[in-house]
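Each remark here refers to the structure printed beneath this line.
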Amino acid sequence: MAEAETKSVDNASIEMIEKAASDRVNTAFDRAEAMKPCPIGSVGSCCSNCGMGPCRVPLPKGKEETPEEKMKRKGVCGATAETIAARNFVRMIAGGAAAHGDHARKVTEAFLAVARGEAPGYDIKDEQKLLQLALDWDIEIGERSNQEIAIDIGEKALAEFGRQEGELLFLRRAPLKRQELWRRQGVAPRGIDREVVEIMHRTHMGVDQDYKNLLRQGVRTAISDGWGGSMIATELQDVLFGTPAPVFGQINLGVLKEDEVNLIIHGHEPQLAEMLAVVTQDPEMIEYAKSKGAKGINLAGMCCTANEILMRHGVPIAGNFLQQELAVVTGALEAIVVDVQCIMQGLADVAQCYHTKVITTDPRAQIQGATHIEFDERNAIEVAKNILRTAIDNFPNRGKNVRIPKYKTDLIAGFSHETINYLLGGIFRASYRPLNDNIINGRIRGVAGVVGCNNARVRHDDVHLTMVKELIKNDILVLQTGCSAMACAKAGLMTPEAASKYAGEGLASVCEAVGIPPVLHLGSCVDNARILIAATAMVKDGGLGDDISDLPVVGAGPEWMSEKAISIGQYFVGSGVFTVFGVNWPTLGSEEVTKFLFEDFEAMYSGMWAFEPDPLEAAKLMIEQIDKKRKALGIDKARERILYDMAMRRELEAV
Ligand code: BF8
């Protein structure tokens with residue numbers, strides 16, 4: 001196997017890893033080799049929360065630890081390995097919840113600016129969802145205009161971040177039994193900011209030193225992400241920019257064009273991307289590009305921003321997290337425009353080796369060596385044009401060292417909860433009934449949310465693909481977001497044709513009848529909130545228990561790397577979903593903490609964590625869990641009876 005093939009399974013990436021090597025350019029793939037992870041920090045056994053440390057409390061090697069030895073294995077303050085691992089873990093949750101929450105706050109501010117008429121160029125696109133939110137939040141509709149209603153929604157949403165008392169409004173959307181469980185366990189969150197701040201306080205030197213108590217606050221904060229920050233972001237983005245519906249798209253570095261100005265928008269918040277999607281169509285800007293020798297303007301996305309504008313406009317995706325530097329290595333990229341989250345600092349170094357401009361746009365995220373053009377939704381059209389002009393002006397600087405990999409794959413995206421509801425039930429009887437029925441009759445064994453990042457410590461995309469292929473082969477419908485969705489899209493799993501090629505017979509027959517791929521793209525990482533809503537809709541439709549934890553539904557983050565992924569995994573678990581992560585596990589430095597998360601959580605939340613880096617083994621755990629839930633529901637027998645004949649297929653088509 002060529003060296004680059006050990007680093008990625010994606011052909012376009014392999015080609016660019018090789019080009020980077022011949023161009024003598026260092027990327028994350030090289031840095032991961034040069035910099036091995038710290039064995040103590042990676043298992044959560046290093047505490048650097050005060051100036052007496054960092055203190056390291058590694059597990060004893062090879063032999064049973066005596067009680068005396070354990071007594072001595074402590075930080076200077078006396079903190080145990082358990083406290084240290086739990087503190088580190090919940091700080092990761094705080095980081096992730098803060099990232100999603102701050103994204104949501106920025107979107108809420110933009111939403112309010114639009115509602116107040118202060119952000120020309122934007123509008124309210126989904127009136128139905130606006131009114132639904134008003135109903136959900138007891139906001140008067142009456143004869144009021146959309147703008148008036150939107151102002152109330154925006155103000156109420158903004159208050160959710162700093163809510164000091166009570167519970168987040170979206171908790172009401174969860175099944176009643178789940179809400180009661182959260183209250184019983186003391187994890188129904190107040191304001192998003194408050195929960196994050198409380199973690200930072202409680203993990204400060206000398207505060208909370210009971211790992212169980214710390215982990216409880218971790219669950220509460222993660223729920224404030226999934227049922228708070230992320231859900232607010234998804235809902236308000238849908239109202240502003242439109243709720244996704246099925247859309248054709250293309251993905252991989254092959255979407256870049258030889259003869260056009262190539263511009264990639266990378267990051268997470270969709271406000272600027274939405275405006276770039278508009279101004280890149282502006283005839284005046286296209287003429288300007290032609291005046292510089294280009295045939296046109298080619299906008300593509302990367303990471304979660306890519307998912308946002310793919311879902312709503314079909315804008316092509318250049319790649320996922322580990323492809324950001326590789327896009328620059330093509331030599332064909334005039335500008336990579338970034339906002340917040342998952343943007344490698346290494347981008348600026350790689351860009352120096354080519355003509356690419358790295359343009360930062362958010363005051364919260366600047367990079368030394370990049371060009372900063374600050375975005376403001378109140379002046380969005382002008383700023384977007386300014387950024388685009390900067391990219392166009394750079395076109396004549398493109399050198400001769402250009403190679404665009406020819407790989408790109410078709411996909412269908414746009415599977416919001418509303419779309420799934422409609423596709424399954426039709427416009428007049430929209431519901432999850434057909435999904436539930438097909439789970440009950442065994443054609444679909446269960447549902448898996450497979451989400452999250454790429455991680456340079458494992459072969460790029462490989463872990464996602466191996467797991468997802470195994471799941472669909474076993475009749476498990478897979479819901480995806482983030483970089484995991486992009487990995488599967490690149491491999492061709494997101495077309496309806498993938499059903500007959502990769503899925504088990506039962507799942508394939510349902511996908512063919514409904515006309516959907518076996519792997520559904522639900523959007524960006526904040527859109528994991530859509531998975532919570534979908535799971536709740538399944539509960540509400542009946543026949544599969546009365547809580548999310550009763551459903552044959554599981555979660556996974558096979559190549560996770562970010563703190564956001566940990567927060568997502570924790571709110572899946574806190575919502576009652578068995579969730580398995582790969583790569584490494586950040587509490588392995590404490591057997592007690594790990595056992596608590598992997599076993600004791602089950603009794604508390606009817607959901608728990610697991611760690612399994614081998615994707616086939618992880619898929620096996622997920623399938624076992626699904627079968628366990630099927631058994632508890634009394635629908636395990638149905639599976640065995642399925643024998644497909646033409647009559648059954650016809651019946652399915654009538655669904
Ligand atoms: O929020 S999956 S690498 S891009 S963190 Fe980042 Fe992970 Fe990708 Fe989107 Ni999510």
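So what's the stretch 341-489 giving for Rg/Rh, alpha carbon basis, Kirkwood Rh from the mean inverse pair distance?
Reported Rg/Rh (Cα atoms, Kirkwood Rh): 1.09.
Using the Karplus curve 6.51 cos²θ - 1.76 cosθ + 1.60 with θ = phi - 60°, what ³J(HN,Hα) values do you get for each residue of the stretch 553-569, in whole Hz, with x for Gly and Pro?
10, 9, x, 7, x, x, 10, 4, 9, 8, 5, 4, 5, 5, 5, 4, x
Cut-off 12 Å, label point 7 angstrom out along Cα-to-Cβ of Gln352: give me the residues of the stretch 327-346 whose amide nitrogen falls inside.
346
Tell me, what HN-Hα J-couplings in whole Hz come from the Karplus equation 6.51 cos²θ - 1.76 cosθ + 1.60 at θ = phi - 60° for each residue of the stretch 529-546, using x for Gly and Pro?
Each residue's phi maps through the Karplus curve to give 4, 5, 5, 4, 5, 5, 5, 5, 4, 5, 4, 5, 6, x, x, 10, x, 10 Hz.
Rank these residues by their accessible area, most exposed first, probe 1.4 Å: Leu158, Leu256.
Sorted by accessible area, descending: Leu158, Leu256.
Under the classification rounded if a/c is under 1.5, otherwise prolate if a/b is larger than b/c and oblate if not, where does the stretch 452-518 fall, given a ≥ b ≥ c as square roots of the Cα gyration tensor eigenvalues?
prolate
Largest first, what is the accessible-area ranking of Met231, Met92 with a 1.4 Å probe?
Largest accessible area first, the residues go Met92, Met231.
So the label point goes 7 Å from the Cα of Arg457 along Cα→C-beta, right? Which residues of the stretch 578-617 then have their backbone N under 17 Å from it?
Counting only backbone N, you get 580-591, 594, 610-615.
Please report the net charge: other residues with Cβ closer than 11 Å to the Cβ of Phe89, K and R +1, D and E -1.
0
Please give, to one decimal in nm, the separation of the simple spin-label points placed at Asp210 and Ala21, each 7 Å out from Cα toward the Cβ.
For the pair Asp210/Ala21, the computed spacing is 5.5 nm.
Would you calculate the convex hull of the Cα atoms in the stretch 409-633 and tell me its volume per residue in Å³?
About 103 Å³ per residue, rounded to a whole number.
Semi-axes of the stretch 497-597's equivalent ellipsoid from the Cα gyration tensor, sqrt of 5 times each eigenvalue, largest first, rounded to whole Å?
28, 18, 13
Based on alpha-carbon positions alone, could you give the equivalent ellipsoid semi-axes of the chain from the gyration tensor, as √(5λ), descending, whole Å?
Gyration-tensor ellipsoid for the chain: 35, 31, 27 Å.
Tell me the label-point distance for the pair Ser145, Ala638, using the 7 Å Cα-to-Cβ offset, in nm and rounded to one decimal.
5.0 nm
Please check which bits of the stretch 225-249 a label hung off Gln132 would reach, taking the label as a point 7 Å along Cα-to-C-beta and the cut-off as backbone N under 16 Å.
Under cut-off, by backbone N: 231-246.
Using the C-alpha gyration tensor of the stretch 238-384, what are the square roots of 5 times its eigenvalues, in whole angstrom, with the largest one first?
After diagonalising the Cα gyration tensor, the semi-axes are 20, 18, 16 Å.
Working with all protein chains in place, sort Asp461, Asp376, Asp23 by solvent-accessible area computed with a 1.4 Å probe, largest first.
I get Asp376, Asp23, Asp461, largest accessible area first.
For the stretch 1-143, how big is the tail of P(r) above 24 Å, as a whole percent of Cα pairs?
In whole percent, the share of Cα-Cα pairs in the stretch 1-143 beyond 24 Å is 66.
Report ³J(HN,Hα) in whole Hz for each residue of the stretch 121-129, in order, from the Karplus equation J = 6.51 cos²θ - 1.76 cosθ + 1.60 where θ = phi - 60°; Gly and Pro get x.
Calculated HN-Hα couplings, in order: x, 9, 8, 8, 9, 10, 5, 4, 5 Hz.
Filter Lys177/Lys629; Lys400/Lys490; Lys295/Lys385; Lys70/Lys595; Lys129/Lys156 down to the pairs with a C-alpha to C-alpha distance above 20 Å, please.
Beyond 20 Å between Cα atoms: Lys400/Lys490.
Convex hull over the alpha-carbon atoms of the stretch 401-518: what's its volume per residue in Å³?
112 Å³
Of the beta bridges DSSP finds with both residues in the stretch 253-397, what % are antiparallel, to the nearest 5?
About 5 percent, rounded to the nearest 5.
If I model the stretch 331-421 as equal point scatterers sitting on the Cα atoms and use the Debye formula, what is log10 I(q)/I(0) at q = 0.13 Å⁻¹?
Listed by q, the Debye log ratios stand at -0.59.
Going by average Cβ neighbours within 10 Å, how do the peptides 632-638, 347-353, 415-421 rank, with the highest at the top?
415-421, 347-353, 632-638
5 Å is the cut-off here: which amide hydrogens, built 1.01 Å from N in the peptide plane, fall below it relative to Gly296, excluding neighbours closer than 5 in sequence?
Val261
Evaluate the Kirkwood expression for the hydrodynamic radius of the stretch 190-234, namely the inverse of the mean inverse distance over all pairs of different C-alpha atoms, and round to one decimal in Å.
One over the average 1/r among Cα pairs gives 10.9 Å for the stretch 190-234.
Return the percentage of antiparallel bridges among DSSP beta bridges fully within the chain, rounded to the nearest 5 %.
Around 15 percent of the beta bridges assigned by DSSP in the chain are antiparallel ones.
Please give me the summed charge of the neighbours of Ile392: other residues whose Cβ is under 9 Å from its Cβ, Lys and Arg +1, Asp and Glu -1.
Result for the neighbourhood of Ile392: 0.
Return the whole-Å distance between the Cα centroid of the stretch 100-119 and the Cα centroid of the stretch 136-159.
If we compute the Cα centre of each part, the gap is 14 Å.
Would you tally the net charge around Asn528, using a Cβ to Cβ cut-off of less than 10 Å, leaving Asn528 out, and scoring K and R as +1, D and E as -1?
0
When you count, for each residue, the other Cβ atoms within 10 Å and take the mean per peptide, how do 504-512, 579-587 rank with the highest first?
Ranking, from highest mean packing down: 579-587, 504-512.
Could you check how much of the accessible area of the stretch 253-397 is carbon and sulfur, as a whole percent, using a 1.4 Å probe?
Summing carbon and sulfur atoms, their accessible area is 45 percent of the total for the stretch 253-397.
Can you give the FRET efficiency for Ala34 and Gln368, using 1/(1 + (r/R0)^6), R0 = 30 Å, r = Cβ-Cβ distance, to the nearest 0.05?
The formula returns an efficiency of 0.90 here.
For Ala603 paired with His201, estimate the spin-label separation in nm (one decimal), with each label point 7 Å from Cα along the Cα-to-Cβ line.
3.0 nm
Multiply the residue separation of Phe248 and Glu165 by 0.36 nm, subtract the distance between their alpha-carbon atoms, and state the gained length in nm to one decimal.
Going from the current span to full extension adds 25.5 nm.
For Ser8, list long-range residues whose amide hydrogen, built 1.01 Å from N in the peptide plane, is under 5 Å from its own amide hydrogen.
His460
Note down the relative contact order for the stretch 409-633 as a percent, whole number, built from C-alpha pairs under 8 angstrom at least six residues apart.
Averaging sequence separation for qualifying contacts and normalising by length gives 22 percent for the stretch 409-633.
Where the centre of each part is set by its Cα atoms, how far does the stretch 409-453 sit from the stretch 39-87, in angstrom?
Here the two parts' Cα centres lie 45 Å apart.
For Asp259 and Glu109, what is the calculated FRET efficiency with R₀ set at 60 Å and r taken between the beta-carbons, to the nearest 0.05?
That pair, Asp259 with Glu109, gives E of 0.95.
Just subtract the alpha-carbon distance of Lys70 and Lys628 from 0.36 nm times their residue separation and send over the number in nm, one decimal.
Length difference between fully extended and current span is 197.1 nm.
How much of the accessible area of the stretch 409-633, probe 1.4 Å, is carbon plus sulfur, in whole percent?
53 percent
When ligands, DNA and RNA are left out and all protein chains stay put, how many square angstrom of accessible area per residue does the chain have with a 1.4 Å probe?
Per-residue value: 37 Å².
The values are calculated or read from the model by the stated rules, or taken from the named source; none is laboratory data. None of these values were measured; they are calculated from a predicted model. A quick note on method: Cβ atoms are made from the backbone with ideal geometry, for glycine too, and the neighbour counts reach across all protein chains shown. Just the protein is used for accessible areas: all its heavy atoms, side chains included, with ligands, DNA and RNA removed. Shrake-Rupley method; radii C 1.70, N 1.55, O 1.52, S 1.80 Å.
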